[in-house]
Amino acid sequence: MDLRDKKVAVIGIGKTGRATAHFLAAQGARIAVTDEKPTAAWGETLDELRHLPAELTLCPYGPEVLADAAWVVPSPGVYPANPILQEAIRRKIPILSELELAARFLSTPLLAITGTNGKTTVTTLIGEILRRSGKKVFVGGNIGAPLIGYVSGPQEADWVVVEVSSFQLQWAETLHPRIALLLNVTSDHVDYHGSFNAYRRIKESIFSQQTASDLAILNADEPSTEALIGRLAARSESFSSTRAVSRGMYLAKDRLVRATADGGREEYPLEMIHLPGRHNMENVMAAVMAARDCGCSPAHIVDAVAAFRGIAHRIEFAGEKDGVRYYDDSKGTNVGAVMRALQSFTEPIILLLGGRDKEGDFESLVPLIRERVRELLLFGEAREKISARIGQVVPTRSIPTMKEAVALAAEHASPGEVVLLSPGCASFDEFRDYKERGRVFQELVRTLERR
């Protein structure tokens with residue numbers, strides 16, 4: 001792909017947009033940049049862009065950015081229905097995600113992980129296993145560093161391990177992972193993709209460019225997996241926490257078993273896993289299969305898994321006060337994540353749920369709420385909408401802010417109970433992102449502990 005003297009329109013000047021602009025400048029491209037925020041609000045980013053060694057045009061947020069553009073690179077949060085993207089489609093200007101653009105210049109083997117839940121945990125764990133095995137690895141994508149930054153350098157890693165969101169896959173045509181994982185697909189981002197079926201098709205597209213020499217890893221407990229495997233060109237392995245599989249990993253009493261294609265069998269001790277919940281057992285199985293295909297030994301895998309304590313804001317212990325334990329699952333931004341969090345505890349739960357709705361199927365939570373939640377505290381922009389749908393299942397209160405919800409939970413909780421922030425919603429009504437929401441929650445818990 002030759003970018004020299006070609007004009008590329010970059011929509012959005014966040015971390016991904018800035019990294020893309022730097023890469024394009026190094027490739028000799030002409031760059032047009034736009035953002036919803038007026039240029040007066042760009043701050044230091046404006047100076048950074050103006051110092052790029054490239055022809056740079058700053059455009060108002062509209063179709064002007066598309067003039068003479070050979071390609072368009074939108075930031076992940078730009079909806080497909082965005083008028084600029086729709087105009088690009090009308091003009092037949094190719095749209096590439098940053099990940100797709102980077103992948104066209106990638107010379108390192110690619111290991112890509114997608115799914116509704118568990119992506120960050122599995123991506124991070126695979127990176128840890130590869131490092132423990134002595135391999136050089138780049139870990140990034142939808143978490144951490146954009147892939148475009150890696151391809152701007154010498155590309156010295158043995159493996160590139162990237163978390164891939166549906167936003168990135170939306171505009172990816174030639175992405176070719178050597179190993180691709182689809183962990184699960186539950187309702188999420190329907191507001192972005194238009195329907196659940198469209199969302200699922202985008203997730204499954206991670207396998208579309210694989211060949212017979214590649215590996216596809218899937219969840220055997222997902223209803224659509226069997227039919228999907230029949231359509232894949234890649235060889236496949238699957239994982240299950242409910243039944244044995246002929247090729248892949250499964251739970252067998254007190255151990256995890258990996259059944260290989262040649263009829264072999266490997267066993268891994270369950271006690272190596274220090275993360276709560278059956279879903280994390282599944283995450284570990286997916287990571288083990290990927291790591292084995294990368295050439296990691298079982299011994300290195302066991303050591304890395306045993307040392308792994310999870311990721312921030314994903315069912316993370318935040319503190320304890322008066323016999324009540326507080327957990328931060330701010331990364332649980334969809335209903336499927338809330339299900340997994342609830343399944344991780346046997347103690348009575350006071351559940352903090354709310355934020356900005358992403359058209360979540362909250363009714364599907366009813367059986368678990370009835371079984372495990374003693375009180376439901378709803379906060380944020382979606383609180384009344386959620387209350388109308390599931391507010392009659394257990395005692396429920398609606399509170400404007402998360403801070404007020406934490407204070408009320410501390411007031412109502414009894415020793416031996418769990419206060420769980422697992423919002424099931426985006427954070428953007430009250431916070432910059434899920435990380436800020438989680439940090440604020442943890443600080444509120446620390447304030448409780450100091451009293």
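Key figures
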| quantity | calculated |
| --- | --- |
| Given (1) open to solvent by 20 Å² or more (accessible area, probe 1.4 Å); (2) touching a Pro at 6+ places or on another chain (Cβ under 9 Å), number of the condition Val338 does not satisfy | (1) |
| Residues that are basic (Lys, Arg) and open to solvent by 20 Å² or more (accessible area, probe 1.4 Å), drawn from segment 202-242 | Arg231, Arg235 |
| Residues of segment 263-320 classified as within 15 Å of Val122 (Cα to Cα) and among the aromatic types (Phe, Trp, Tyr), total | 1 |
| Selection count where residues are surrounded by fewer than 16 Cβ atoms within 10 Å (Cβ to Cβ), assigned to a loop (DSSP other than H, G, I, E, B) and not basic (Lys, Arg), scope segment 243-270 | 8 |
| From the options Ser75, Ser97, Ser107, residue that is among the polar types (S, T, N, Q) and over 12 Å from Val10 (Cα atoms) | Ser107 |
| Filtered residues of segment 201-228 (kept if of a type in the set (Val, Ile, Thr) and over 18 Å from Arg178 (Cβ atoms)) | Ile202, Thr225 |
| Cβ-Cβ under 7 Å pairs, at least 6 apart or on other chains, segment 22-36 side hydroxyl-bearing (Ser, Thr, Tyr), far side crowded, with 22+ Cβ neighbours inside 10 Å | Thr34/Ile11; Thr34/Val65 |
| Per-region count, segment 43-85, residues open to solvent by less than 20 Å² (accessible area, probe 1.4 Å) and in contact with a Lys or Arg (Cβ under 6 Å, 6 or more places away or on another chain) | 1 |
| Within segment 369-382, considering residues that are in a helix (DSSP H, G or I) and closer than 26 Å to Lys403 by Cβ, the one farthest from the chain's Cα centre (by Cα) | Arg372 |
| Qualifying residue in segment 41-57 (condition: assigned to a helix (DSSP H, G or I), more than 18 Å from Val151 (Cα to Cα) and among the β-branched types (Val, Ile, Thr)) | yes |
| Count of segment 1-33 residues which are among the polar types (S, T, N, Q), out of contact with any strand residue (DSSP E or B) (no Cβ under 6 Å at 6 or more places or on another chain) and either open to solvent by less than 10 Å² (accessible area, probe 1.4 Å) or part of a helix (DSSP H, G or I) (or both) | 1 |
| Residue identified as within 30 Å of Arg446 (Cβ to Cβ), open to solvent by 10 Å² or more (accessible area, probe 1.4 Å) and touching a residue at least 60 places away in the same chain (Cβ under 8 Å) among Ile311, Ile273 | Ile311 |
| Strands (runs of 3 or more DSSP E) lying entirely in segment 86-169 (those with 3 or more residues that are in contact with a Leu (Cβ under 9 Å, 6 or more places away or on another chain) and open to solvent by less than 10 Å² (accessible area, probe 1.4 Å)) | 110-114, 159-163 |
| Complete set of residues in segment 362-378 that are touching a strand residue (DSSP E or B) at 6+ places or on another chain (Cβ under 9 Å), open to solvent by less than 30 Å² (accessible area, probe 1.4 Å) and within 13 Å of Met339 (Cβ to Cβ) | Phe362, Leu365, Ile369, Val373 |
| Among the candidates Ile273, Ile229, residue that is over 21 Å from Ala304 (Cα atoms) and in contact with a strand residue (DSSP E or B) (Cβ under 9 Å, 6 or more places away or on another chain) | Ile229 |
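The values are calculated or read from the model by the stated rules, or taken from the named source; none is laboratory data. Quick caveat, the model's predicted, so the values are computed rather than measured. In this analysis, Cβ positions are derived from the backbone assuming ideal geometry, glycine residues included, and neighbour counts consider all displayed protein chains. Side chains included, ligands, DNA and RNA excluded: accessible areas come from the protein's heavy atoms. Shrake-Rupley method; radii C 1.70, N 1.55, O 1.52, S 1.80 Å.
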